[in-house]
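Some notes on the structure that comes next.
The values are calculated or read from the model by the stated rules, or taken from the named source; none is laboratory data. None of the values given here were measured: they were computed from a predicted structure. When we count neighbours, we look across all protein chains shown, and the Cβ atoms used for this are built from the backbone with ideal geometry, even at glycine.
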Amino acid sequence: MSDEAVTADAGRPAAGGATGTPGTDTGGRPVRGGRRLSLAWLGSVPFLAYVAVFLLLPTAIVCLQAFTDAHNRPTLANVRALGEDYVIASFTRSILLSATTALTGALLGGLLAYVIATGNPKGMLRRLTTAACGVLAQFGGVTLAFAFIATIGGEGLMTVFLRDAVGINLETGWLFDMPGLILVYTYFQIPLMVLVFLPALDGIRPQWREATSTLGGTTWDYWRHVAVPLLTPPFLGAMLLLFANAFSAYATAAALVSQGSIIVPLQIRTALTSEVVLGQENFGKALALGMIVVVAVVMTLYSWFQRRTARWLR
Amino acid sequence: MTTFLRGVRAGIAIGAMVLVAACSAPSSNSSGNSSSSGGGKAAASATSATEVGGLDALIAAAKKEGKLNVIALPPDWANYGALIDGFKAKYGITVDSANPNGSSQDEVNAVKQQKGTDRAPDVLDLGMAVALANKDLFAPYKVSTWADIPDSQKESTGLWFQDYGGYMSIGYDSSKVPAITAVADLLKPEYKNKVALNGDPTQANAALNGVMMASLANGGSLGDISKGVDFFKQLKQSGNFVPVQATTATVKNGTTPVVFDWDYLSAAHGKDVPTWKVFVPSNAVLGGYYAQAVNKDAPHPAAARLWEEYLYSNEGQNLWLKGGARPVRMDVMTKSGKIDATAAAALPPVTGTPVFLSPDQATAAKAYLATNWAKAIG
Amino acid sequence: MTSEPLQRAEPATLTVPGSEGATAGPGRGLHARQRLRLNVFRYLVLAMLGLFFLVPIGALTEFSTRGVGLSAPRTLEYWQQIGTYSDLVSAITASLELAALTVAFGLLLLVPTMVWVRLRLPRLARTVEFLCLLPLTIPAIALVVGLAPIYRWLDGWLAWYSHRYGLPSGLADTPLQLFLVYVVLVLPYTFRAIDTGLAAIDVRTLSEAARSLGAGWPTVMFRVIVPNIGAALLNAALLSVALVLGEYTIASLLNFQTIQVAVVMLGRANAGVSIAVSDAALMFGFVLLVALSFVGRRRRRRPAAPAEEE
């Protein structure tokens, strides 16, 4: 079914070959074939232009300054400093923290999304939980850190309750180190997962379930052949978002772990805003460049993995 | 990948066009500020009130500007809340207080990044290290009470001048921990999981001085901070050290009942915890002052200078005293009887000779911390 | 695979939304039992996760009502002190307007682009995905370093413009100009939500069907596709509003007064107020988002594509 018969609206050419598979816009009028591609990408210009000015430009400024020293002379010293032991250690810790919380957030969040999706789509429960998830997904910083300190810190509600009523003395030192960060990060990863994954669950039609059972399939067959192949791409995409979200979060970590810069965003903060060790700003920008490289690598792995699983699941 | 490449090309082209437009944008930032007219221009280069035509002329010019931008002045820091309110009430000028949790470096970053906009900070309150490193951003100005400031506490042309200070102290909740009589007490088991430092010494000035004070109390000297780092290492190993950022909330909640901090900041906790006490060890009286500076490119130059006059007037200095900080004109004011006697009496008792870190000693301390702190405390 | 259909026919109502009670006839007892099991499971999960989320917030609220001193009674004075802060109202208004602008502009920018990429520029999809993830890779403190020159230029241009055309001089300083960067900040979240929504519907077929029936592109976009991704759009809006209301770093480093900056400023008065005001901001956001969900629902009731069971 082609739409050459329809007149083109402003800026949107009546491109032919609409029934072609993605990426192979061939077949169709050769007369307009040459111009087709070059006009189609005009539609992406507003977005690209906007992103170029407000995202790529600031990023480029930061990355360029990573290659200059304090007097604006070009240097590789900042980037070379990225190879130091403590920098590599903090990158490793950051990646570990992000991957772990992305996984736990994705699994628990996916579970919660399933629970919501199987309820009444117009009901109060759904409204309340999605609104709560919206608020909690962006909840962070000093307040979130303090919420956990007030719950399971040295004098937290739960600690005191367990100590006085049940006699269990909680070991609370772990809250101010990596395990504590993992727990607290999961707090905002789960709601984020719910919000981005819920539309995928909503897209599962009851007809497909009925069709599977009519054809004699079991629950396992349904999940294996219908639901999982459909849900895997959005699930992986959401996990990637969770990873990046945890990777760059720092306000919560700064409040919980005030000593030492154990993850990369904290090191960037020290480099940029320390009033004690001055002149490290460009090193901070080199660290930011390092973070972009890490996320680019993770994205590449993600797209590779997506293609592989798509093939396996087919 | 043709479409991709074309998309990238489009983006770069657009970006380049925008850059070109940016470079040729009307460079009339100065005309955007209504303040630079007549009296404003004179104020921007004035190095004292007399150059503007006297204090009244300065007040008139400041009122014409109508606004003052301050930065990193939270209300509970050395009673800045009352100072800002007092200034607003006295002169009717709006005060825009930005980035309350900012550090001194944040203030300098804001000056550089907001240069030319109407939101750039007019005046700065900086730790000494940052003040000394950024003199090229300041405008020289000498307040009317310039002579009262000791020579060692001001820069000769007026680029920076110290404003208030205090001594490094150990604040503690006397209802949760036993009374502290020496720094070494903190290693005892009664203080398990209770001792906190206000920040990271490689990040914050207050924390650096905390470690230095511990060093002095444990046999170190102003040139040797290693004893302090060792002390905190011991504290961490015995489980007494809590690595969380101490805030008013954690103090009230009981998570950090013992905090190393400036005495005037520690005194503020008394509002939330009536049993809060402040202890300054007699063998380690480490003082530290902050410094004022006027932004060379201040969007409201007259208001900035008026603010400085206000801070260094008797009224301003006494308000700082009320906040537990020692104002720089304190000696002169005590002699002339203008000091607020009740507030002065409320300061924590300090015996022993105060010492101050010189810039070189501070640099040596920072270098040592940069390489050794994370290892000791992590 | 020739088992009795009745035995194998696990009710469709088990795992899909909105179709409870849709099946009738024999085996109703089986369906009801399995529905009951599902419900028990659901409420169990909700209870446990609900506890995980609500207990820390309860601890916050409990702390904000503590009096001063060991045996002091509960007090609401910190909550009452929130009302005395004069700049709070203007900061809240600014943030709300910012949220509205960000949602409107962000969705307007992203949805047509994503649909267009799906239909015509599939090779650009990975690029768009990476660009939409980029804002999350750079911590805000580093991003501000790059944003500051752009805002300097923007403020200069705004000041010149308002000077030239006699507009109020406060235009160059309005916090509303933050929406330009907030749209970029919400890109990762809105992209993922909309992408999930678009993946669930067959965009190509819908658009071809509409085009072959004579629809122009605006009609395809706004009357065919958008109503079908309503849930995704709503979630994207929720995330954007929450982000704008919770954003502190960039607003404070660029010296703008938004709600979180006011919260932090207010919080420096004393411990009780700092927690009370953060708690209040959370609840305010929650109520706002619940209200927003009602707006979304009303729009979705308009009949869109056929056989769409919402």
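Tallying residues that are buried (at least 18 other Cβ atoms within 10 Å of the Cβ) and over 18 Å from B:GLY316 (Cα atoms) within the stretch B:155-168 yields 4.
Answer yes or no as to whether A:VAL293 is surrounded by fewer than 24 Cβ atoms within 10 Å (Cβ to Cβ), within 22 Å of the chain's Cα centre (by Cα) and without any contact (Cβ under 8 Å) to a residue 24 or more places away in the chain. Against the criterion (surrounded by fewer than 24 Cβ atoms within 10 Å (Cβ to Cβ), within 22 Å of the chain's Cα centre (by Cα) and without any contact (Cβ under 8 Å) to a residue 24 or more places away in the chain), A:VAL293 qualifies. Restricting the stretch B:111-133 to residues that are under 24 Å from B:ALA62 (Cβ atoms) and among the β-branched types (Val, Ile, Thr), the residue that is modelled with the lowest pLDDT is B:THR117.
Consider the stretch B:224-246 and keep the residues that are at pLDDT 90 or above, touching a Ser or Thr at 6+ places or on another chain (Cβ under 9 Å) and not hydrophobic (A, V, I, L, M, F, W, C). The one that is farthest from B:MET128 (Cα to Cα) is B:ASP230.
The residue list C:GLY67, C:GLY58, C:GLY106 contains one member that is at pLDDT 90 or above, within 20 Å of A:THR151 (Cα to Cα) and either small (Gly, Ala, Ser) or outside any helix (DSSP H, G or I) (or both), which is C:GLY58. Candidates in the stretch A:209-229 are the residues that are facing chain C (nearest Cβ under 8 Å) and within 30 Å of A:GLY134 (Cβ to Cβ); of these, the one that is modelled with the highest pLDDT is A:ALA227.
Condition check: in contact with a Phe, Trp or Tyr (Cβ under 6 Å, 6 or more places away or on another chain), farther than 20 Å from C:LEU243 by Cα and part of a helix (DSSP H, G or I). Does C:THR127 satisfy that? When the stated conditions are applied, C:THR127 passes them.
Residue by residue, here is whether (1) exposed (fewer than 14 other Cβ atoms within 10 Å of the Cβ); (2) within 17 Å of C:VAL184 (Cα to Cα) holds:
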residue	(1), (2)
C:ALA72	yes, no
C:LEU98	no, yes
C:VAL111	no, yes
C:ARG123	no, no
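Taking the criterion of being more than 30 Å from B:GLY219 (Cβ to Cβ) and either part of a helix (DSSP H, G or I) or without any contact (Cβ under 8 Å) to a residue 40 or more places away in the chain (or both), the residues of the stretch B:261-273 that qualify are B:ALA268, B:GLY270, B:LYS271, B:ASP272.
On the basis of being crowded, with 24+ Cβ neighbours inside 10 Å and touching a residue at least 24 places away in the same chain (Cβ under 8 Å), does B:TRP276 make the cut? No: the conditions fail for B:TRP276. So which residues in the stretch B:142-192 are assigned to a loop (DSSP other than H, G, I, E, B) and under 19 Å from the mean Cα position of the chain (by Cα), if there are any at all? Scanning the stretch B:142-192 gives B:ILE149, B:GLU155, B:GLY158, B:LEU159, B:TRP160. Go through the stretch A:143-171 and report how many residues are of a type in the set (Val, Ile, Thr), more than 7 Å from every other protein chain (Cβ to nearest Cβ) and either in contact with a helix residue (DSSP H, G or I) (Cβ under 7 Å, 6 or more places away or on another chain) or in a loop (DSSP other than H, G, I, E, B) (or both). Residues flagged as of a type in the set (Val, Ile, Thr), more than 7 Å from every other protein chain (Cβ to nearest Cβ) and either in contact with a helix residue (DSSP H, G or I) (Cβ under 7 Å, 6 or more places away or on another chain) or in a loop (DSSP other than H, G, I, E, B) (or both) within the stretch A:143-171 amount to 3. Of B:THR250, B:THR256, all but one fail to be crowded, with 21+ Cβ neighbours inside 10 Å, in a loop (DSSP other than H, G, I, E, B), of a type in the set (Ser, Thr, Tyr) and touching a residue at least 40 places away in the same chain (Cβ under 8 Å); the exception is B:THR256. Please verify whether C:VAL273 is more than 8 Å from chain A (Cβ to nearest Cβ), at pLDDT 80 or above, assigned to a helix (DSSP H, G or I) and buried (at least 17 other Cβ atoms within 10 Å of the Cβ), treating the condition exactly as stated. Yes. Scan the stretch B:277-296 and tell me whether some residue there is assigned to a loop (DSSP other than H, G, I, E, B), within 12 Å of chain C (Cβ to nearest Cβ) and out of contact with any Phe, Trp or Tyr (no Cβ under 6 Å at 6 or more places or on another chain). Taking every residue of the stretch B:277-296 in turn, none turns out to be assigned to a loop (DSSP other than H, G, I, E, B), within 12 Å of chain C (Cβ to nearest Cβ) and out of contact with any Phe, Trp or Tyr (no Cβ under 6 Å at 6 or more places or on another chain).
Count of the stretch A:40-54 residues, restricted to those that are at the interface with another protein chain (Cβ under 7 Å from one of its Cβ atoms) and more than 22 Å from C:LEU180 (Cβ to Cβ), is 2.
Report the residue count in the stretch A:214-248 for those that are of a type outside the set (A, V, I, L, M), surrounded by fewer than 19 Cβ atoms within 10 Å (Cβ to Cβ) and part of a helix (DSSP H, G or I). Qualifying residue count, the stretch A:214-248: 10. Of the residues making up the stretch A:236-278, just one is among the aromatic types (Phe, Trp, Tyr) and more than 8 Å from every other protein chain (Cβ to nearest Cβ), namely A:PHE243. Select from the stretch B:66-87 the residues that are among the aliphatic types (A, V, I, L, M), surrounded by fewer than 23 Cβ atoms within 10 Å (Cβ to Cβ) and within 14 Å of B:GLY324 (Cβ to Cβ) and list them in ascending order. Correct list: B:ALA82 only.
So, in the stretch A:230-241, of the ones that are at pLDDT 85 or above and hydrophobic (A, V, I, L, M, F, W, C), which residue ends up farthest from the chain's Cα centre (by Cα)? Only one residue tops the list, namely A:LEU231. Among the candidates B:LEU137, B:LEU55, B:LEU126, the residue that is buried (at least 22 other Cβ atoms within 10 Å of the Cβ) and not small (Gly, Ala, Ser) is uniquely B:LEU126. In the stretch B:223-235 there is no residue that is closer than 30 Å to B:TYR312 by Cβ, of a type outside the set (Lys, Arg) and within 23 Å of the chain's Cα centre (by Cα). Inspection of the stretch A:93-107 finds a residue satisfying the criterion of being surrounded by fewer than 22 Cβ atoms within 10 Å (Cβ to Cβ) and within 14 Å of chain B (Cβ to nearest Cβ).
Residues are listed down the side, and each one gets a yes or a no for (1) away from chain B (no Cβ under 13 Å); (2) over 25 Å from B:LYS115 (Cα atoms); (3) part of a helix (DSSP H, G or I); (4) in contact with a Gly (Cβ under 6 Å, 6 or more places away or on another chain):
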position: C:ILE138; (1), (2), (3), (4): yes, no, no, no
position: C:VAL144; (1), (2), (3), (4): no, no, yes, no
position: C:LEU147; (1), (2), (3), (4): no, no, yes, no
position: C:LEU154; (1), (2), (3), (4): no, no, yes, no
position: C:TRP157; (1), (2), (3), (4): no, no, yes, no
position: C:GLY166; (1), (2), (3), (4): no, no, no, no
position: C:LEU180; (1), (2), (3), (4): no, no, yes, no
position: C:VAL183; (1), (2), (3), (4): yes, no, yes, yes
position: C:ALA193; (1), (2), (3), (4): yes, yes, yes, no
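Consider the stretch C:168-178 and keep the residues that are facing another protein chain (nearest Cβ under 7 Å) and surrounded by fewer than 23 Cβ atoms within 10 Å (Cβ to Cβ). The one that is modelled with the lowest pLDDT is C:SER169.
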